[in-house]
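*Asks:* To start, I am sharing the structure in question, which I have written as structure tokens.
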Amino acid sequence: MTDHMLIRGGTVVHRETTTRSDVLVVDGIISLVGEHLDIPAGTTIVDAEGCWVGPALVDLHTHLREPGGEEAETVASGARAGVLGGYSAVMAMPNTSPAIDSSAVVAQVLALGQASCLDVAVAGAITVGRLGERLAPLAEMAELGVTFFTDDGTGVQNAGLMRRAMEYARGLNVVIADHCEDDALAGDGCMNESSLSSELGLVGRPALAEEVMVARDLALAQHTGCELHLLHLSTVGSAALVAQAKQAGVNVTAEVAPHHLLLTEELCREYDPLYKVHPPLRTANDVEALRMALRSGGIDAVATDHAPHAPETKDRPFAEATPGMLGLQHAFALTREALGGADADPVLLFRVLSRTPAKIARLTQSDQRRGGHSAHGGEIAVGEDANLVVIDPEGRPVVRSEVLASKSRNTPYEGRTLLGAVRHTIVRGEIVVNDGVAQR
Amino acid sequence: MSSSAAGQHLLAIDDLGSEGIEELLEVAEAFGEVERRSVRKVPTLKGKVVASLFFEESTRTRLSFETAAKRLSADVLSLAVASSSVKKGESLRDTVETIEAMGIDAVVLRHKSAGAPHQVARWVNRARVINAGDGFHQHPTQALIDLFTVRQELSLRRGQQSERSGLSVFEGLNVLVVGDIRHSRVARSQIQAYALAGAIVTIASPGTLLPDDVSSWPVTVAENFEDALRSADIVSVLRMQEERGSGSFVPSLHEFTATFGMTEERSMLLKENALITHPGPMVRGVEIASRVADDERCLVRKQVANGVPIRMAALFLALSSPEEASRD
């Protein structure tokens with residue numbers, strides 16, 4: 001018994017162009033792409049009239065909080081937020097409790113991912129307990145398919161240890177990713193350091209704290225030849241440093257979060273911890289530079305840094321509140337808003353939200369080693385795994401925190417009208433979101 | 001007269017504006033009269049409940065607010081944080097909501113986190129919030145005390161009645177704020193208040209004790225401290241906030257005193273009629289020499305005395321409806 005699905009009437013977004021095509025999926029694999037395809041009896045019709053049909057999105061930076069933070073998010077609830085946002089794969093960050101720093105915890109999260117509605121790739125910690133003191137067993141985790149290592153939540157402060165991590169990772173052919181903030185400079189800072197932080201009496205986290213570590217990591221990557229990925233860049237200076245390093249041939253990729261493409265430090269003026277995040281919201285200048293870097297390819301990908309937090313950790317004085325904000329469910333429309341609004345090029349959107357992050361996460365080939373994941377961020381072409389999203393560019397849903405799929409409510413976008421709506425998400429050939437409604 | 005402060009929270013000086021400052025100083029003059037009566041109590045806030053919530057150590061500010069509330073016949077509910085539910089892990093929000101449920105009209109709040117009073121003002125339903133110092137951010141009543149005291153002194157010298165002088169006495173005055181500005185909520189309130197009142201504000205401190213970025217502040221950073229002292233009409237000396245780690249921002253307190261302390265030698269550079277203020281408590285021998293502190297140009301004792309009428313005015317205005325206060 002074969003399973004047929006026809007995605008009909010949409011505009012298919014390819015790597016460089018768009019075409020008006022139908023897409024026939026048979027048993028989870030794209031089997032025909034073209035106009036006015038014949039429909040075998042019993043085919044499920046997915047209406048894509050007026051919509052974009054592209055590869056489902058891939059998030060390089062998702063905090064799923066499990067194990068240890070289940071009051072804020074679980075793999076299941078985070079996955080649901082993901083598919084509603086048009087994602088078919090997410091990279092689970094290792095700052096859980098315990099940290100994902102051993103094969104046992106990797107296996108646990110992978111198993112939870114298998115039971116969820118999308119593919120969960122796991123990022124392993126670089127150091128034991130993410131304490132920045134000694135290397136975690138990278139090879140043991142790589143054995144389970146982990147290809148991406150980071151102490152995210154914090155940067156690896158010790159340059160000598162980071163060098164060793166890169167040298168070791170290069171031998172394993174895995175990516176080292178860093179949360180670039182120098183603790184000695186960021187200190188107890190809780191918002192961007194500026195004349196506003198000075199006025200508000202809040203201790204600042206200077207752009208310098210990020211840029212010093214970006215510069216260090218680029219130098220280390222150049223020296224070791226390790227593949228480096230820079231997480232959530234937020235400043236003009238970081239964008240310039242990465243562009244320069246790419247020119248010099250350093251093996252580096254970089255991501256930016258939707259909130260750093262849209263929001264500025266001005267939002268901290270009323271001391272609402274919803275807007276507290278590390279690295280912090282910066283200035284309009286930074287926002288502009290990050291948008292330009294994303295357009296030019298200086299920055300490669302948009303990654304959400306989806307960071308769910310229980311209300312009691314946010315409902316506190318600003319300096320004491322936990323940093324982080326939600327992002328997974330609305331990233332496509334937010335990125336579109338940042339990259340030109342309704343005029344933004346869908347080819348560019350799918351490049352930065354799906355195709356490039358899939359490559360960085362090494363999810364473009366399916367991996368059966370561990371019961372594995374399917375292929376993501378590919379071409380819409382015959383033989384590819386059907387991880388697809390259908391987005392209505394004319395949809396204008398309004399963000400309502402009370403109906404988010406996440407277990408947490410810390411979205412900074414409450415009340416915002418979104419530029420586009422995710423209508424259908426298809427993961428491994430299964431319709432997991434149908435007409436904007438999660439199916440499980 | 002228009003009333004901009006009446007019925008409002010008092011969170012930061014900028015919210016008051018120059019009209020609000022003038023109004024509050026005038027109300028304080030009237031309450032200053034009460035202080036000179038034999039029965040120093042008026043029934044103005046009879047039946048109102050004022051809660052003082054000090055999440056950070058303080059003696060003078062707390063006593064001054066509570067005395068002010070009692071002079072106005074309000075009932076005072078005082079939360080001793082050390083023995084309260086806060087120690088048991090209760091959140092600031094729950095503490096405030098619990099206390100408001102007991103039927104209070106005003107919250108006087110001190111907290112180590114900047115912005116806590118703004119957040120509390122969003123959480124309460126009807127109570128008015130008065131900021132008694134939040135982190136490095138603001139301490140509005142202290143700045144108002146300074147302006148009030150300076151205005152009295154200058155009016156006296158000019159043979160004017162203080163309550164009739166409005167803010168005109170500040171027009172064009174050179175105000176120099178010296179010392180640990182980075183960690184000072186008093187400085188932030190003072191700078192806003194003096195600038196709104198028409199004075200020209202200069203700041204002087206070691207590079208590490210300047211705020212990170214003052215490009216949008218209504219101030220000039222002194223290039224030469226001695227020159228700034230020579231042209232100052234008012235010098236506001238700030239306390240070195242050792243408890244906030246000021247010490248680690250300078251090589252030693254000794255070196256701070258040598259470079260930015262208000263020493264006797266430096267006081268000689270001041271104009272003969274210059275005035276010195278200090279928010280207290282003073283650390284004699286560090287930011288201010290004993291003989292300078294006891295100099296008649298130094299207003300520190302008068303500042304302390306003026307704490308009560310200023311806080312009576314702050315409570316009175318916050319708890320009056322805009323209509324009542326403008327019935328003049």
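*Asks:* Might you check whether a residue that is touching a Leu at 6+ places or on another chain (Cβ under 8 Å) and more than 14 Å from every other protein chain (Cβ to nearest Cβ) occurs anywhere in region B:244-254? Reasoning before the result, please.
*Replies:* Step one: filter region B:244-254 for residues touching a Leu at 6+ places or on another chain (Cβ under 8 Å), giving B:246-247, B:249-250.
Okay, now just the ones that are also more than 14 Å from every other protein chain (Cβ to nearest Cβ), so B:247, B:250.
Scanning region B:244-254 turns up at least one residue that is touching a Leu at 6+ places or on another chain (Cβ under 8 Å) and more than 14 Å from every other protein chain (Cβ to nearest Cβ).
*Asks:* Which numbered condition trips up B:PRO218, out of (1) under 29 Å from B:SER64 (Cα atoms); (2) part of a loop (DSSP other than H, G, I, E, B); (3) modelled with pLDDT of 95 or more?
*Replies:* Failed condition: (1).
*Asks:* Which one is nearest to B:ASP213 (Cα to Cα) among residues in region A:196-214 that are in a helix (DSSP H, G or I), in contact (Cβ under 8 Å) with a residue 40 or more places away in the chain and within 7 Å of chain B (Cβ to nearest Cβ)?
*Replies:* Checking each candidate, the answer is A:SER197.
*Asks:* Hey, which of the helices (runs of 4 or more DSSP H) in region B:91-177, taking only ones fully inside, have at least 2 residues that are modelled with pLDDT of 95 or more, more than 14 Å from chain A (Cβ to nearest Cβ) and more than 30 Å from A:TYR271 (Cβ to Cβ)? Give the derivation first.
*Replies:* Working: elements: B:92-101, B:116-123, B:140-158.
The qualifying helices (runs of 4 or more DSSP H) are B:140-158.
*Asks:* Still on this structure: Which residues, taken from region A:383-432, are among the hydroxyl-bearing types (Ser, Thr, Tyr) and open to solvent by less than 10 Å² (accessible area, probe 1.4 Å)?
*Replies:* Residues of region A:383-432 among the hydroxyl-bearing types (Ser, Thr, Tyr): A:401, A:406, A:408, A:411, A:413, A:417, A:425.
A:SER406, A:SER408, A:THR411, A:TYR413, A:THR425 - these are the residues of region A:383-432 that are among the hydroxyl-bearing types (Ser, Thr, Tyr) and open to solvent by less than 10 Å² (accessible area, probe 1.4 Å).
*Asks:* Restricting attention to region A:361-379, does a residue exist that is in contact (Cβ under 8 Å) with a residue 40 or more places away in the chain and β-branched (Val, Ile, Thr)?
*Replies:* No.
*Asks:* Continuing with this model, one more query. Checking the conditions here, which among A:VAL382, A:VAL352, A:VAL347 is over 30 Å from A:SER195 (Cα atoms), outside any helix (DSSP H, G or I) and either out of contact with any His (no Cβ under 6 Å at 6 or more places or on another chain) or within 14 Å of chain B (Cβ to nearest Cβ) (or both)?
*Replies:* Details: A:VAL352 fails: outside any helix (DSSP H, G or I); A:VAL347 fails: outside any helix (DSSP H, G or I).
Testing whether each residue is over 30 Å from A:SER195 (Cα atoms), outside any helix (DSSP H, G or I) and either out of contact with any His (no Cβ under 6 Å at 6 or more places or on another chain) or within 14 Å of chain B (Cβ to nearest Cβ) (or both) leaves just A:VAL382.
*Asks:* Is it true that A:GLU255 is outside any strand (DSSP E or B), charged (D, E, K, R) and under 21 Å from the mean Cα position of the chain (by Cα)?
*Replies:* Numbers: outside any strand (DSSP E or B): no; charged (D, E, K, R): yes; under 21 Å from the mean Cα position of the chain (by Cα): yes.
Taking the combined requirement at face value, the residue does not satisfy it.
*Asks:* What's the number of the only condition in (1) open to solvent by less than 50 Å² (accessible area, probe 1.4 Å); (2) within 27 Å of B:GLY247 (Cα to Cα) that B:ARG297 fails to meet?
*Replies:* Failing condition for B:ARG297: (2).
*Asks:* Could you grab the pairs with beta carbons closer than 7 Å, sequence gap of 6+ or different chains, first residue in region B:151-172 and among the charged types (D, E, K, R), second one not in a helix (DSSP H, G or I)?
*Replies:* B:ARG151/B:SER165; B:GLU153/B:LEU275; B:GLU153/B:LEU299; B:GLU171/B:GLY198
*Asks:* If you don't mind, there's one more thing I want to ask. Consider region B:199-239. How many of its residues are in contact (Cβ under 8 Å) with a residue 60 or more places away in the chain and surrounded by fewer than 23 Cβ atoms within 10 Å (Cβ to Cβ)?
*Replies:* Counting residues in region B:199-239 that are in contact (Cβ under 8 Å) with a residue 60 or more places away in the chain and surrounded by fewer than 23 Cβ atoms within 10 Å (Cβ to Cβ) gives 2.
*Asks:* For region B:269-285, check the following and say yes or no: at least one residue is modelled with pLDDT of 95 or more, in a helix (DSSP H, G or I) and on the phi < 0 side of the Ramachandran plot.
*Replies:* Within region B:269-285 (the criterion being modelled with pLDDT of 95 or more, in a helix (DSSP H, G or I) and on the phi < 0 side of the Ramachandran plot), the answer is no, since none of the residues qualifies.
*Asks:* A:ARG163 - would you say it is among the charged types (D, E, K, R), within 25 Å of A:LEU363 (Cβ to Cβ), away from chain B (no Cβ under 14 Å) and part of a helix (DSSP H, G or I)?
*Replies:* Working: among the charged types (D, E, K, R): yes; within 25 Å of A:LEU363 (Cβ to Cβ): no; away from chain B (no Cβ under 14 Å): yes; part of a helix (DSSP H, G or I): yes.
Judged against the criteria, A:ARG163 is not a match.
*Asks:* If you don't mind, another one. How many residues are assigned to a helix (DSSP H, G or I), in contact with a strand residue (DSSP E or B) (Cβ under 6 Å, 6 or more places away or on another chain) and over 13 Å from B:ALA314 (Cβ atoms) when one looks only at region B:50-65? Spell out how you get there, then give the answer.
*Replies:* Step one: of region B:50-65, the residues assigned to a helix (DSSP H, G or I) are B:60-65.
Filter once more, so that each one left must be in contact with a strand residue (DSSP E or B) (Cβ under 6 Å, 6 or more places away or on another chain): B:61-62, B:65.
Of the ones still in play, those that are also over 13 Å from B:ALA314 (Cβ atoms) are B:62.
Number of matching residues: 1.
*Asks:* Considering only residues that are touching a strand residue (DSSP E or B) at 6+ places or on another chain (Cβ under 8 Å) and under 18 Å from A:GLY160 (Cα atoms), which ones fall in region A:196-219?
*Replies:* Residues satisfying the conditions are A:MET213, A:VAL214, A:ASP217, A:LEU218.
*Asks:* Can I ask one more? If I ask for residues that are open to solvent by 10 Å² or more (accessible area, probe 1.4 Å), in contact with a helix residue (DSSP H, G or I) (Cβ under 6 Å, 6 or more places away or on another chain) and farther than 21 Å from A:HIS232 by Cα, which ones from region A:118-134 would you list?
*Replies:* If the condition is that a residue be open to solvent by 10 Å² or more (accessible area, probe 1.4 Å), in contact with a helix residue (DSSP H, G or I) (Cβ under 6 Å, 6 or more places away or on another chain) and farther than 21 Å from A:HIS232 by Cα, then A:ARG134 is the only one that fits.
*Asks:* Further question: For region A:262-294, how many residues meet the condition of being surrounded by fewer than 16 Cβ atoms within 10 Å (Cβ to Cβ) and either more than 14 Å from A:SER238 (Cα to Cα) or at pLDDT below 95 (or both)?
*Replies:* Within region A:262-294, the first condition is being surrounded by fewer than 16 Cβ atoms within 10 Å (Cβ to Cβ), and the residues that meet it are A:266-267, A:269-270, A:284-285, A:288, A:292.
With the extra rule that they be either more than 14 Å from A:SER238 (Cα to Cα) or at pLDDT below 95 (or both), the set shrinks to A:266-267, A:269-270, A:284.
Residues flagged as surrounded by fewer than 16 Cβ atoms within 10 Å (Cβ to Cβ) and either more than 14 Å from A:SER238 (Cα to Cα) or at pLDDT below 95 (or both) within region A:262-294 amount to 5.
*Asks:* Let me ask something else. Looking at region B:6-52 only, could you name the residues that are surrounded by 14 or more Cβ atoms within 10 Å (Cβ to Cβ) and among the hydroxyl-bearing types (Ser, Thr, Tyr)?
*Replies:* Once the filter is applied, which keeps residues that are surrounded by 14 or more Cβ atoms within 10 Å (Cβ to Cβ) and among the hydroxyl-bearing types (Ser, Thr, Tyr), region B:6-52 yields B:SER18, B:THR44, B:SER52.
*Asks:* Select from region B:137-152 the residues that are among the polar types (S, T, N, Q) and either open to solvent by less than 10 Å² (accessible area, probe 1.4 Å) or under 28 Å from A:LEU202 (Cα atoms) (or both) and list them in ascending order. Break it down into steps so the answer makes sense when it comes.
*Replies:* Here is the first cut: in region B:137-152, the residues among the polar types (S, T, N, Q) are B:138, B:141-142, B:149, B:152.
Selection gives B:GLN138, B:THR141, B:GLN142, B:THR149.
The values are calculated or read from the model by the stated rules, or taken from the named source; none is laboratory data. The model shown is predicted, which means the values in this text are computed figures rather than measured ones. Virtual Cβ from ideal backbone geometry, glycine too; neighbours counted across all protein chains shown. Side chains included, ligands, DNA and RNA excluded: accessible areas come from the protein's heavy atoms. Shrake-Rupley method; radii C 1.70, N 1.55, O 1.52, S 1.80 Å.
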